[in-house]
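The values are calculated or read from the model by the stated rules, or taken from the named source; none is laboratory data. Here the structure is a predicted model, which is why all the values come from computation and not from measurement. With ideal geometry, Cβ positions are generated from the backbone for all residues, glycine too; neighbour counts draw on all protein chains shown.
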Amino acid sequence: MESGMVRPLIAGNWKMNGLSSACETIAEVAKGLEQYSDAADCLICPPATLLSKVTETAKGSRLKTGAQDCHSAASGAHTGDVSAEMIADLGASYVIIGHSERRADHGETSEIVAAKTEAAFRAGLTPIICIGETLEEREAGRTIEVVSEQLAGSIPASAFGKAFVVAYEPVWAIGTGKVASTGQVGEVHDKVREILGERFPGQADQTPILYGGSMKPDNAAELLAVENVDGGLIGGASLKAEDFLAIYAACVSAK
Ligand code: PEP
């Protein structure tokens, strides 16, 4: 965990999971947070269908809400899409951008990710920009090259002076139960911090860098103790209040 000025963040990505009954989980997380220190931020990004209800349920608590994607335009002829302004209008404050599932399933390039990041800034949302290598890229020894390229292409110059979050998520560790080793995580997070420092002087030590990829209550403490890991982006384990709160607890005690 970074000991500087970074405020840690534990973020849940529900992906395409949850019907209206899932708001019970939100209420449980919101209430459960009261028993822990507020030294870290806590966020859940439900599917777009639930964002309004989830944001309403979390109101008045320390739990923040966000979306899993946004369009780069503010409005217009984009059937099925949701703009950053629409997300902000609901009272949500974050948006995940460039998740590897969107890069793979929807052909999102780093250029598209950068345009969506601009949209998030325009609407006053905090973007969580995702990067990460595939197994093939790691095995070819290209991890640092790939994440460096994704970082350079996905974060627009306008990010200077603005709040944003980077999530390092090795694609091979997402939803697979395979977790990156602390050495692998540390190497990439150190590099991300270094690149941010070169590109955005004075800002790198305020930008949370999250690890994502099969983080669970039983491995969270170890991962969150790695230097330059400022929190987690959690998929599967964010669907159960008890597990998600246990990861939050691990985060505040690793600080
Ligand atoms: C994710 O969806 O970003 C993620 C890290 O998923 P999981 O925790 O299930 O691997």
**Q.** Which numbered condition Glu169 fails, given (1) surrounded by 17 or more Cβ atoms within 10 Å (Cβ to Cβ); (2) among the acidic types (Asp, Glu); (3) more than 14 Å from the ligand (Cβ to nearest atom)
**A.** (3)
Q) Could you count how many residues in the stretch 92-115 are more than 16 Å from the ligand (Cβ to nearest atom), touching a Gly at 6+ places or on another chain (Cβ under 7 Å) and more than 20 Å from Ile195 (Cβ to Cβ)? A) 2
**Q.** Any hit, the stretch 81-88, residues being more than 17 Å from the chain's Cα centre (by Cα), among the polar types (S, T, N, Q) and loosely packed, with under 14 Cβ neighbours inside 10 Å
**A.** no
Q) Does Ser154 meet the test of being modelled with pLDDT of 95 or more, closer than 19 Å to Leu9 by Cβ and polar (S, T, N, Q)? A) yes
Q: Kindly check whether there is at least one residue in the stretch 72-81 that is under 24 Å from Tyr211 (Cα atoms), at pLDDT 95 or above and of a type outside the set (Phe, Trp, Tyr).
A: no
Q. In the stretch 134-172, how many residues are without any contact (Cβ under 8 Å) to a residue 60 or more places away in the chain and in contact with a Pro (Cβ under 6 Å, 6 or more places away or on another chain)?
A. 1
Q: Exactly one condition in (1) within 16 Å of the ligand (Cβ to nearest atom); (2) over 28 Å from Ala119 (Cβ atoms); (3) under 19 Å from the mean Cα position of the chain (by Cα); (4) not aromatic (Phe, Trp, Tyr) is not met by Gly213; state its number.
A: (2)
Q) For the stretch 210-229, what are the residues that are closer than 17 Å to Cys42 by Cβ, in contact (Cβ under 8 Å) with a residue 40 or more places away in the chain and of a type in the set (A, V, I, L, M, F, W, C)? A) Leu210, Leu223, Leu224, Val229
(Q) Quick test of your reading of the structure: Gly76 fulfils all but one of (1) without any contact (Cβ under 8 Å) to a residue 12 or more places away in the chain; (2) crowded, with 19+ Cβ neighbours inside 10 Å. Name the failing condition by number. (A) (2)
Q) Of all residues in the stretch 99-125, which are crowded, with 20+ Cβ neighbours inside 10 Å and among the polar types (S, T, N, Q)? A) Ser100, Thr117
Q) If you go through the stretch 143-165 one residue at a time, do you hit one that is closer than 18 Å to Glu194 by Cβ, assigned to a strand (DSSP E or B) and not basic (Lys, Arg)? A) yes
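Yes or no, residue by residue, for (1) surrounded by fewer than 22 Cβ atoms within 10 Å (Cβ to Cβ); (2) in contact with an Asp or Glu (Cβ under 6 Å, 6 or more places away or on another chain); (3) in contact (Cβ under 8 Å) with a residue 12 or more places away in the chain:
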residue: Met5; (1), (2), (3): yes, yes, yes
residue: Ala11; (1), (2), (3): no, no, yes
residue: Lys15; (1), (2), (3): yes, no, yes
residue: Ser21; (1), (2), (3): yes, no, no
residue: Glu24; (1), (2), (3): yes, no, no
residue: Gly32; (1), (2), (3): yes, no, yes
residue: Tyr36; (1), (2), (3): yes, no, yes
residue: Ala40; (1), (2), (3): no, no, yes
Q. Restricting attention to the stretch 229-248, and to residues there that are closer than 17 Å to Ile129 by Cβ and crowded, with 24+ Cβ neighbours inside 10 Å, which single residue is farthest from the ligand (Cβ to nearest atom)?
A. Asp230
Q: Would you mention how many residues in the stretch 178-204 are surrounded by fewer than 19 Cβ atoms within 10 Å (Cβ to Cβ), assigned to a helix (DSSP H, G or I) and without any contact (Cβ under 8 Å) to a residue 12 or more places away in the chain?
A: 4
